[in-house]
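Participant: Would you mind keeping the following structure in view while I ask a few things?
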Amino acid sequence: MDLPTPNKLVEEEDDDSMLNNKKLGGIKTMPFILANEICDRFASSGFHSNMITYLTQELNMPLVQASNTLTNFGGTASFTPLIGALIADSFAGRFWTITVGSIIYELGLVSITLSAVLPSLRPPPCPTQQNCQEASTFQLWILYISLLLTSLGTGGIRPCVVTFAADQFGSDKVITGRSKKWNFFNWYYFSMGLATLTALTVVVYVQENVGWGWGLGIPTIAMILSIIAFVIGSPLYKKIEPGGSPLIRLAQVIVAAFKKRKETAPENPRLLYQNKELDAAISLHGRLVHTDQYKWLDKAAVVTESESVSSNPPNLWRLVTVHRVEELKTIIRMLPIWAAGILLVTSSSHLHSFVIQQARTMDRHLSKSFEIPPASLSIFGILTTLSGLVLYERLFVPLARRFTGHPSGVTCLQRMGIGFVINIVATIVSSFIEIKRKSVAAHHNLLDDPKAIVPISVFWLVPQFCVHGIAEVFMSVGHLEFLYDQSPESMRSTAAALYWTAISMGNYIGTLLVSLVHKYTGENSNWLPDRNLNRGKLEYYYWLVSGIQVLNLIYYIICAYLYTYKPLEEVTEEEEEDGEFNGKKISEKGVELTVNETA
């Protein structure tokens, strides 16, 4: 009887591994993965949305100190995703980064819940809010540690969950160039909005009417359940191995190109250095092919007479592959589009401040005995986003597909552009509503009474929330989809972290813009007065934001027009088994160029 050779055994093991890998991932993993992200969003929304009340009412912190505390840790939570993404892409992988990040987040929630339950971890109650005993140094440290743990945990969850979930579908553009990930991104954003809506209604109600022990305990319990669900689904996941630090690879390209700055790149890009084995771990779904942009970076892949390519790998600080050069080119091309999304967040940052102040001066009665809380108006924006995502999926995409022929109806860049236009409309609507509110106040001689209730319904503010919600459907989802699809395969967690960084920077710029407007518009006719909004010029601020958005739209159109989509050489399974590569270079525009190579 013939015994199998060792090589044959290895081949059989590889075949079994490939067969098992095909069975992993897919739609069956979504309940486990999205449960983690939904509970994270539910917990974070329920935890942060009313935290200013907890700090001022339960810990007796002064308003300014409480506000600064939340702002500082909120900024930390927006930048830690960059750290988590680099850890995931470099060595830990997305599964373990999500798992560890969730555990750290849970520790933060447990700490803050204990401070709400145990009397020794908070100062004595102060119902009058006068001459209150503030929290001790020890009690404040419990708070700071809790906020820090949640910020660090967020850094491991946010940049990895969406990319890890999208990875479960693999690459389905090998033949047709079609992709189903657009469907996933719509429903991902829908799930996050639903979780936020639930937290803003249920959790906030419990905090205000039942107690902070249960109000913080419910998000804590939800996070525990999410960790259990995510870990249980582990045998079903398709886990892509990390390809090493992306920042080091980008640095190697820059250093190698600088060292060879005097070299001349060959006319034929096929003469540049390529090494499929070296790039295998960072190009599972296809290698990036050479593009003519930023050709000075091609010098990093020039093979000189003094260099030997027989060594595997070569000195990557002097010689890198075309795929790695194109990774850097891809990031450079993405940054202008990414930056355009920052001002969208800037223009929307007023919703939770100025609009709430407007609402406090308006008639909020739903009945003789019940008034809608000003902060609850944000529910209308979330409901519009949720319903808009469903309509986008069921109506807009099929209709647009008839005209464009694109499987997603429109490209992610076109989707973002539509979102920019709608957002400009939203801020213009805001200005007209403020003009209407002040005209009613003037008609009833209420302009000089900052505490007066203007006889105009608060539901006049609903349209601007709804239009902003529609803008979210197009811009925010399109932005996230763009960053995922167009980023290098091995840097997708980092690209998702850029999404959160754009949100953080947009909020900071919004704060800077408001501060400058308040400082330089004078004391007598200040656009944004400290006390009496009726004597302000809030509509001027909205016009200013609209003008900035128009300039930003022009900038975006130019960037989108000049943008070069990421081309890939993708290999079919049959060709991979035969060792012959007759792949297709496919871009997001659906353009296919046949490329013949011997593997």
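Participant: Mind checking which pairs have a first residue in segment 490-516 that is open to solvent by 60 Å² or more (accessible area, probe 1.4 Å) and a second that is at pLDDT below 75, Cβ under 7 Å, 6 or more apart or different chains?
Facilitator: Close Cβ pairs (under 7 Å, with a partner that is at pLDDT below 75) amount to N507/S349.
Participant: While we're looking at this one, here's another question. Being within 15 Å of the chain's Cα centre (by Cα) and of a type in the set (A, V, I, L, M, F, W, C) is the filter here, so list the residues in segment 135-163 that pass it.
Facilitator: I157, C160, V161, V162, listed by residue number.
Participant: Name every residue in segment 261-275 that is open to solvent by less than 80 Å² (accessible area, probe 1.4 Å) and either free of Cβ contacts under 8 Å to residues at least 40 places away in the same chain or part of a helix (DSSP H, G or I) (or both), in order of residue number.
Facilitator: A265, P266, N268, P269
Participant: Still on this structure, I have one more. For segment 360-367, indicate whether the set of residues that are over 11 Å from V458 (Cα atoms) and either more than 31 Å from the chain's Cα centre (by Cα) or in a helix (DSSP H, G or I) (or both) is non-empty.
Facilitator: Initial filter on segment 360-367 (over 11 Å from V458 (Cα atoms)): 367.
Still in the list and also either more than 31 Å from the chain's Cα centre (by Cα) or in a helix (DSSP H, G or I) (or both): 367.
Yes, segment 360-367 contains at least one residue that is over 11 Å from V458 (Cα atoms) and either more than 31 Å from the chain's Cα centre (by Cα) or in a helix (DSSP H, G or I) (or both).
Participant: Further question on the same structure: Kindly indicate whether any position in segment 290-305 is open to solvent by 40 Å² or more (accessible area, probe 1.4 Å), part of a helix (DSSP H, G or I) and closer than 23 Å to Y565 by Cβ.
Facilitator: Taking every residue of segment 290-305 in turn, at least one turns out to be open to solvent by 40 Å² or more (accessible area, probe 1.4 Å), part of a helix (DSSP H, G or I) and closer than 23 Å to Y565 by Cβ.
Here is a yes/no grid of residues against (1) over 17 Å from A35 (Cβ atoms); (2) in a helix (DSSP H, G or I); (3) modelled with pLDDT under 75; (4) within 25 Å of the chain's Cα centre (by Cα):
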{"position": "D172", "(1), (2), (3), (4)": "yes, no, yes, yes"}
{"position": "T201", "(1), (2), (3), (4)": "yes, yes, no, yes"}
{"position": "S226", "(1), (2), (3), (4)": "no, yes, no, yes"}
{"position": "E241", "(1), (2), (3), (4)": "yes, no, no, yes"}
{"position": "I248", "(1), (2), (3), (4)": "yes, yes, no, yes"}
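Participant: With modelled with pLDDT of 90 or more and among the β-branched types (V, I, T) as the only criterion, which of V429, V454, V473 stands out? Spell out how you get there, then give the answer.
Facilitator: Details: V454 fails: modelled with pLDDT of 90 or more; V473 fails: modelled with pLDDT of 90 or more.
Only one candidate qualifies: V429.
Participant: Looking at V397, is it in contact with a Ser or Thr (Cβ under 7 Å, 6 or more places away or on another chain), surrounded by fewer than 21 Cβ atoms within 10 Å (Cβ to Cβ) and closer than 25 Å to A195 by Cβ? Give the derivation first.
Facilitator: Values: in contact with a Ser or Thr (Cβ under 7 Å, 6 or more places away or on another chain): yes; surrounded by fewer than 21 Cβ atoms within 10 Å (Cβ to Cβ): yes; closer than 25 Å to A195 by Cβ: yes.
Criteria met by V397.
Participant: Return only the number of the condition from (1) within 29 Å of G417 (Cβ to Cβ); (2) assigned by the TED database to the domain that holds V514; (3) not polar (S, T, N, Q) that D292 does not satisfy.
Facilitator: (2)
The values are calculated or read from the model by the stated rules, or taken from the named source; none is laboratory data. Quick caveat: nothing in here was measured; it's all calculated off a predicted structure. In this analysis, Cβ positions are derived from the backbone assuming ideal geometry, glycine residues included, and neighbour counts consider all displayed protein chains. When the accessible area is computed, the model is the full protein with side chains, heavy atoms only, and any ligands, DNA or RNA have been set aside. Shrake-Rupley method; radii C 1.70, N 1.55, O 1.52, S 1.80 Å.
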